[in-house]
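Below: one structure, written as structure tokens.
The values are calculated or read from the model by the stated rules, or taken from the named source; none is laboratory data. The structure displayed is predicted, hence computed values, not measured ones. Here Cβ is always computed from backbone atoms with ideal geometry, including for glycine, and neighbour counts include all displayed protein chains. For accessibility, only protein heavy atoms count, side chains too; no ligands or nucleic acids. Shrake-Rupley method; radii C 1.70, N 1.55, O 1.52, S 1.80 Å.
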Amino acid sequence: MENVVILGLQWGDEGKGKIVDLLAPKYDVFVRFSGGANAGHTVRFEDKHFALHLLPSGIIHPGKICILGNGMVIDPFSLISEIETLKSQGVKINGNLFISEKAHLVLPHFQILDRLREQGKTPLGTTGKGIGPAYEFKYSRTGLRMGDLLYEKTLKEKLKNTLSPLNFLIKNYYNAQEVDIDTTYSNLLSISEKIKGYLVDSTALINSFISFGKKILFEGAQGTLLDIDHGTYPFVTSSNCTIGGVFTGTGISHKNIQKTIGVMKAYTTRVGKGPFPTEIAPPLSDKIRNRGNEFGTTTGRPRRVGWLDLVALKYAVSLNGIDEIALTKLDVLDELLDIQICTKYRERGTEIYSLPSQWEITEKLVPEYEILPGWSCPTTATRSFEDLPKQAQKYVEYLEENLGVPVKWISTGPRREETIFR
Ligand code: GDP
Ligand code: IMO
Ligand code: MG
């Protein structure tokens, strides 16, 4: 048995989609356990380009089973539109997709609330997909779950109980247009016809796959520093996108995970607001952004760009118990003469080796860097570690030594084939 978890070690967009796609032939079942359509996972090979938001990246591989776990929050309209887009791209979705009855619904009102808040004085830079409100309603025990779509009679009453106070807030606090609950109800009824067939007890299903010896890949969304508990709060998402989320978000035992792979870029990016100690200023940030095509897969927003942050990465490795690293986007550094790596911070003169829990302090940290020489030549066509320029090999070895984890994959381009396996 070898079940594996893939997690982002930074602020998301590390290239998880690409790594899941690479590993896909070895696994039978692909499970998402947290987040929702705030995720955007890209898979590219030959002339094909897929953007996955709610469905696990394994879906594009024929014959693989895909499961959306109970820890997710799902907008049923986005779900159907994603399924239709994928089908139009030739992906077979027929009898191979299962969705937890316990996953929470993202309702249109939640997206409106998310966007209204973002127009206020302290925006977080969310994706506007209603993720925060969906988890808020889950934890206040007034949310609706996918399984509620199965019971037409009680659905309307539940919607009213949940949405009436929200409409009051939208109208009276935000001075915005309420959303008619009856219309929401009838839209949900019609979309639910397309969804009912996918709904299952996903915990029982995953555990039965485990007992039959199927190999399972758990696909993380977002990244460690966006975790609601362990990230740079409040500039985080609203779920546990670190290792614990796998267990609560699926209902499997920790005994059934054999390996945890952390995905990290060879530098750092973050979309949205919040502290970012190693952020690079223009014009170098623009150069890296353009070279790395650092624009959000979900919202198209330009990603902020920074140097690698070893302090944050050590934290992510230890928090998640990372066994192996997949290093992506090495090629984006190809033209740089020097590469900086943050090894510690300074706060009002004092050396700091961990991320403070208050964002106000994190924002003022002064990063201290080690400078490694660049390699100034292209790496995208390289297929073996030994063929990488010596300085690039040194960069990888430096990371392995400092993080104490082997770098097993080095990605040197967006396509499946642009990868070195060690
Ligand atoms: P995810 O959310 O972690 O799956 O990452 P995204 O798909 O949102 O963002 C990663 C972006 O980088 C995508 O556009 C990928 O196609 C691209 N990408 C992945 N690996 C590499 C790489 O090694 N080099 C380059 N240049 N692009 C890459
Ligand atoms: P993947 O899976 C990068 C960020 C948003 C914002 C914060 C809160 O593609 O790596 P939310 O809409 O979740 O309430 O937004 O979290 N964010 C991501 N950033 N990649 C993601 O997912 C993200 N999902 C959420 O930009 O800063
Ligand atoms: Mg992404």
- [ ] Please turn the phi angles of segment 259-268 into ³J(HN,Hα) values with the Karplus equation 6.51 cos²θ - 1.76 cosθ + 1.60 (θ = phi - 60°), one per residue in order, whole Hz, x for glycine and proline.
- [x] 8, 10, 9, x, 9, 9, 7, 6, 9, 10
- [ ] Rounded to the nearest 0.05, what FRET efficiency do LYS194 and ARG348 give with R0 = 51 Å and r taken as the Cβ-Cβ distance? Could you check?
- [x] 0.35
Task: Per-residue SASA entry for SER211, accessible area with 1.4 Å probe, Å² rounded to 10 - done: 90
Task: Within segment 58-194: Cβ-based charge dipole about Cα centre, in debye rounded to nearest 20 (Lys, Arg +1; Asp, Glu -1) - done: 280
Task: Proximal aspartates and glutamates relative to LYS102, as straight alpha-carbon distance under 13 Å, when same-chain residues fewer than 8 apart are discounted - done: ASP148, ASP201
Open item on the list: Using a 1.4 angstrom probe on the protein heavy atoms only, could you order LYS129, LYS153, LYS259 from most to least accessible area?
Closed with: LYS153, LYS129, LYS259
Open item on the list: Using a 1.4 Å probe on the protein heavy atoms, what percent of the accessible area of segment 87-189 belongs to carbon and sulfur?
Closed with: 50
Open item on the list: Using the crude model of +1 on Lys and Arg Cβ and -1 on Asp and Glu Cβ, and no other charge, please compute the dipole size for the chain relative to its Cα centre, in debye to 20.
Closed with: 660
Open item on the list: Let me check something: with ligands and nucleic acids excluded, how do THR380, THR242 order by accessible area (1.4 Å probe), largest to smallest?
Closed with: THR380, THR242
TODO: Could you pull out every one of the lysines with an alpha carbon less than 29 Å from that of LYS121, ignoring same-chain neighbours closer than 8 positions?
DONE: LYS129, LYS138, LYS171, LYS273, LYS364
- [ ] Find which of LEU7, THR297, LEU97 sits farthest along the positive direction of the dipole of the chain, computed with +1 on the beta-carbon of Lys and Arg, -1 on that of Asp and Glu, about the Cα centre.
- [x] LEU97
Open item on the list: Given axes a ≥ b ≥ c from the Cα gyration tensor, I'd like to know whether segment 1-69 is rounded (a/c under 1.5), prolate (a/b larger than b/c) or oblate.
Closed with: rounded
TODO: Report the FRET efficiency, 1/(1 + (r/R0)^6), for LYS408 and SER253, where r is their Cβ-Cβ distance and R0 is 25 Å, rounded to 0.05.
DONE: 0.50
TODO: Pull up all non-local amide H partners of PHE218: gap of 5 or more, or a different chain, and H-to-H distance under 5 Å with H placed in the peptide plane.
DONE: VAL4, VAL5, ILE6, VAL31
TODO: Please work out how much length the chain gains when fully extended from ALA381 to GLU368, using 0.36 nm per residue of separation minus the C-alpha to C-alpha distance, in nm with one decimal.
DONE: 1.4 nm
- [ ] Could you look at segment 306-383 and say what percent of its accessible area is carbon and sulfur, using a 1.4 Å probe and all protein chains?
- [x] 52
- [ ] Kindly provide the pair-distance distribution of the chain built from C-alpha pairs, with 10 Å bins from 0 and whole-percent values in order of increasing distance.
- [x] 4, 22, 31, 25, 13, 4, 0
TODO: Using the Karplus curve 6.51 cos²θ - 1.76 cosθ + 1.60 with θ = phi - 60°, work out ³J(HN,Hα) for each residue of segment 105-122 in order, rounded to whole Hz, and write x for Gly and Pro.
DONE: 7, 8, 9, x, 4, 5, 5, 5, 4, 4, 6, 5, 4, 5, 7, x, 6, 10
Task: Hz values of 3J(HN,Hα) by residue in segment 312-319 - Karplus curve (6.51, -1.76, 1.60), Gly and Pro given as x - done: 5, 5, 4, 4, 5, 5, 6, 4
Open item on the list: Taking a virtual spin label 7 Å from the Cα of GLU2 along the C-beta vector, which residues in segment 305-329 bring their backbone nitrogen under 16 Å of it?
Closed with: 323-326
- [ ] Could you size up the charge dipole of segment 1-140 around its Cα centre, putting +1 on the beta carbon of Lys and Arg and -1 on that of Asp and Glu, and report it in debye to the nearest 20?
- [x] 80
Open item on the list: Give me the one-decimal nm value for the distance between modelled label points at GLN177 and LEU150, 7 Å along each residue's Cα-to-Cβ direction.
Closed with: 3.6
Task: Distance (nanometres) between label positions extended 7 Å along Cα→Cβ at GLU335 and ARG291 - done: 0.7
Task: Whole-number accessible area per residue in Å² for the chain, which is evaluated in the context of all protein chains at 1.4 Å - done: 42
